[in-house]
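Structure first, commentary second.
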Ligand SMILES: C[S@@+](CC[C@H](N)C(=O)[O-])C[C@H]1O[C@@H](n2cnc3c(N)ncnc32)[C@H](O)[C@@H]1O
C-alpha cells in the first residue's frame, strides 16, 4: 500500500473518531419520562420487529458477553424482558440456569412466549406478567437479576431497586444495561434519524428510539438514584451511548 493510502486511511479514522467521540452536547437536557409498558399492540409489534435490527443484535451480544463475566448460577430473572430475545439467548448459552422473564405488557410477552416455543425453549423459560415495582418472588429467593433497556421506563425506580434488593439472595447480583442521556451528540443524531426515517410508523408516533435516550439517566444521576435505595456501591461502566450498572447485594 502506498504512503498516501495509509495517510488518508489514518485521517479518515481520526475524523470518524472525532465525529463519534468529540462533540459533547452543548445543552444538558432534563430527563423526559417515557411510557411505562409496551401495551399498545401496534407499538409492541413494531418494537418486536426492531429488536431484530442489527444494532439490537450487536447490543445483545455485548450484554451476553458481559453476563458471562459474572458466571451466573441458580435462578436468573430478566425484568422488563420485552419480546424475550435476550433471555432466549441466555437460555442457549447457560443450559443450567433456571430462567424467568417478567414484563408489564401482555402484548409483548406473547411475542416472547412464541419465540421461546419456536426455539424449543418453552419449558426452560417461564414468562410472567408483572410490574417490576412488585416482583412475584419471596424474599432472598433470586440469584441474579438482569434488565436491558427497561430502566428508563420505570415510573418509580427507587421502589424498583428496593424491590430487587428484597428478592435477591444475600450475595445476589443485579446487572442493568441502558442508554445514557449524557451521550455524545453523534448518538442523538443517529437516534433522531432512526426515529424520523428508519423505524416502523407505530414507533415514530411514540417518538422512539429517540425518546428512550431522552428518558434515560446520565452517569452521575445513577449514583444519586442508587444512593436513595438499599443498594450501595454500584459499578457503572459507560460504553458509547449506553451503560452497564452492576451491583452486588
Ligand atoms: C425497550 S423495552 C426492552 C425490552 C427488552 N429488555 C430488550 O432489551 O429488548 C422495555 C420493556 O420494559 C417493560 N417495562 C416497562 N416498565 C415496566 C414495569 N414497570 N414493569 C415491568 N416491565 C416494564 C416494557 O413493557 C418493555 O417491554
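Remarks
- Estimated [θ] at 222 nm from DSSP helical runs (n ≥ 4, -39500 (n - 2.57)) normalised by residues in the chain, nearest 500: -13000 deg cm²/dmol
- Take the Cα of residue 140, go 7 Å toward its beta carbon, and the backbone nitrogen atoms of segment 71-106 under 20 Å from that spot belong to 73-77.
- Stretching residue 96 away from residue 184 to a fully extended chain increases their span by 27.7 nm, per 0.36 nm per residue minus the current alpha-carbon distance.
- Inter-label distance for residue 232 and residue 65, nm, one decimal - labels placed 7 Å from Cα along Cα-to-Cβ: 3.4
- Helix 54-70 vs. the chain, principal-axis angle (Cα, 0 to 90°, nearest 10): 60
- The angle separating the long axis of helix 3-21 from the principal Cα axis of greatest extent in the chain is about 50 degrees.
- With Cα atoms as the point set, the radius of gyration and Dmax of the chain evaluate to 19.0, 67 Å.
- Segment residue 159-residue 120, extension gain: residue separation times 0.36 nm, minus the distance between their alpha carbons: 10.5 nm
- Relative exposure of 230, 124, judged by other C-beta atoms within 10 Å (fewest first): 230, 124
- Theoretical FRET efficiency, 1/(1+(r/R0)^6), r = Cβ-Cβ of residue 193 and residue 129, R0 35 Å, to 0.05: 0.55
Where a number appears in this text, it was derived from the coordinates with a stated rule and is not lab data. Quantities reported herein were computed from a predicted structural model and do not represent experimental measurements. No Cβ is skipped: glycine too gets one built from the backbone with ideal geometry, and neighbour counts run over all protein chains shown.
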